[in-house]
Amino acid sequence: YAIRPSSVYTNLGSHFNTSTGVFTCPIAGRYLCIGAMGRRSTAYNWNGLYLIKNGVTQGNQWFPPARNNTSSVGTAAFLGSDFTYCPTNLSDILTCAANDTLSFGFHSSYAAPIDAGSVYAQFMLVG
């Protein structure tokens with residue numbers, strides 16, 4: 001599922017579709033892609049962040065589930081049920097043709113982002 005951030009601050013040329021979370025490359029070149037998921041909807045599931053080009057995964061990053069503890073005493077700083085934080089970051093430079101599509105997504109079988117404010121996506125032409 002494509003990540004759709006809650007706010008879009010810069011979208012020169014409107015190549016990022018805010019409804020679908022998909023960026024369409026306006027010209028051929030190398031694109032810097034940076035994405036992150038900061039919080040997940042459930043603490044006890046893995047979460048996976050994917051970089052996708054033309055529907056094909058180009059890279060992924062995973063963050064493990066919280067420990068199922070019942071007290072904040074001991075090795076865990078948070079109760080497992082409170083540990084929805086998941087600092088999952090992914091970046092890459094991809095060579096793209098005009099009209100290639102880029103997006104960040106999460107794995108549907110695992111934890112989704114807690115909300116649209118907990119995700120980040122950036123696509124920049126670098127050369």
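The values are calculated or read from the model by the stated rules, or taken from the named source; none is laboratory data. Nothing here was measured: the structure is a model prediction, and the numbers come from that model. No Cβ is skipped: glycine too gets one built from the backbone with ideal geometry, and neighbour counts run over all protein chains shown. Keep in mind that these areas ignore ligands, DNA and RNA; they rest on the heavy atoms of the full protein, side chains included. Shrake-Rupley method; radii C 1.70, N 1.55, O 1.52, S 1.80 Å.
I need the Kirkwood Rh of the chain: take the reciprocal of the average 1/r across all distinct C-alpha pairs and report it in angstrom.
Final number for the Kirkwood radius of the chain is 15.3 Å.
Anyone know which of ASN45, ASN89, ASN11 comes out most mobile in the 10 Å Cα GNM of the chain?
Greatest mean-square fluctuation among the candidates belongs to ASN11.
Kindly report the accessible area of the chain per residue (heavy atoms of protein chains, probe 1.4 Å, no ligands, DNA or RNA), in Å².
About 56 Å² of surface per residue is accessible.
Roughly how many nanometres apart are two label points built 7 Å out from the Cα toward the Cβ at ARG30 and TRP62?
Computed distance between label sites ARG30 and TRP62 equals 3.0 nm.
Roughly speaking, to the nearest percent, how much of the chain's 1.4 Å accessible area is carbon and sulfur?
Here it works out to 52 percent.
Give the calculated FRET efficiency between THR18 and ASP92 to the nearest 0.05, with a Förster radius of 30 Å applied to their Cβ-Cβ distance.
Working from the Cβ atoms, E equals 0.85.
Compute the signed sum of charges (Lys and Arg +1, Asp and Glu -1) over the other residues within less than 12 Å, Cβ to Cβ, of ILE52.
Net local charge, ILE52 excluded: -1.
Just to confirm a number: summing +1 for Lys and Arg and -1 for Asp and Glu over residues other than PRO113 whose beta-carbon lies under 12 angstrom from that of PRO113, what do you get?
Once positives and negatives cancel, what remains is +2.
Grab the beta carbon distance between LEU125 and TYR85, set R0 = 41 Å, and tell me the FRET efficiency rounded to 0.05.
With a Förster radius of 41 Å, E is 0.80.
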